[in-house]
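Chemist: The structure under discussion is supplied below as structure tokens; questions concerning it will follow.
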Amino acid sequence: MRLFNEPVGRAYLVEQGVPADLVGRLDLLGISGIANVLSCIKFAKWYELDENDIVLTVWTDSMELYRSRLQELRAAHGEYAERDAAADYHRYLLGCGLEYVEELGYWDQKRIHNLKYYTWVEQQGKTYQEIQAQWYDPPTGRACTTRWMRSMP
């Protein structure tokens, strides 16, 4: 987060060849958005994608929500220096590996889908039927997608 939002981190990214106009928009990425980008890197490595492939993700939040987190990090760890930017760049971007990546089968996916019960039903007041509909109901239900994929040549 600091690499993308601290002036020293942004300058380091530009030095590494990241286009300045892109670096200038990195505040559009919040914590979840950064996690999505890292997931895309892992996805591309897992499937051995190259410059001819395209991976899309959603930037779900922006730093507007997390300015206080940057202040907390400064208070806890001090000012962000160029050596910090270099370490973060090499460890977390270039060094992003396949740790915690797993190709999931049907039952693995359903297990993860069912993890949302607490947040959806107990916290947000959704019904169990609404969660089940996400899985089973066409056109976007997971079971429908699985059947469609199995029918492909």
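A short reminder: the numbers here are calculations on the coordinates, not readings from a lab. Because the structure is a prediction, the values reported are computed rather than measured. All Cβ positions, even for glycine, are placed from backbone atoms using ideal geometry, and neighbour counts span all protein chains on display.
Chemist: May I ask you to list, by number, the DSSP H helices of the chain whose Cα span along the axis is at least 18 Å and whose average Kyte-Doolittle hydropathy reaches 0.0 or more? Show your work: numbers first, answer last.
Modeler: Values: long enough: 31-46 (22 Å, 1.01).
The qualifying helices are 31-46.
Chemist: Starting from the Cα of ASP108, step 7 Å toward the Cβ, then list every residue of the stretch 26-69 with an amide N under 19 Å from that point.
Modeler: Correct set: 39-49.
Chemist: Which entry in [x] -0.63, -1.07; [y] -0.42, -0.93; [z] -0.60, -0.93 matches log10 I(q)/I(0) by the Debye sum over Cα atoms at q = 0.11, 0.16 Å⁻¹ derived from the coordinates of this structure?
Modeler: Computed from the coordinates, log10 I(q)/I(0) by the Debye sum over Cα atoms at q = 0.11, 0.16 Å⁻¹ corresponds to [x].
Chemist: Determine, for ASP84, ASP21, ASP27, ASP108, the number of other Cβ atoms within 10 Å of each Cβ, and report the residues in order from fewest to most. Before the final figure, lay out each step's value.
Modeler: Details: ASP84 18, ASP21 7, ASP27 15, ASP108 11.
Fewest-to-most ranking of ASP84, ASP21, ASP27, ASP108: ASP21, ASP108, ASP27, ASP84.
Chemist: Below 8 Å between Cα atoms, with a sequence gap of 6+, how large is the relative contact order for the stretch 1-116 in percent?
Modeler: Details: 92 pairs, mean separation 39.0, N = 116.
Dividing the mean separation by the residue count of the stretch 1-116 yields 34 percent.
Chemist: Right, another one. Counting other C-beta atoms within 10 Å, which of HIS113, HIS77 has the fewest, and how do the rest follow? Let's see the in-between values first.
Modeler: Details: HIS113 14, HIS77 10.
Ranked by crowding around the Cβ, least crowded first: HIS77, HIS113.
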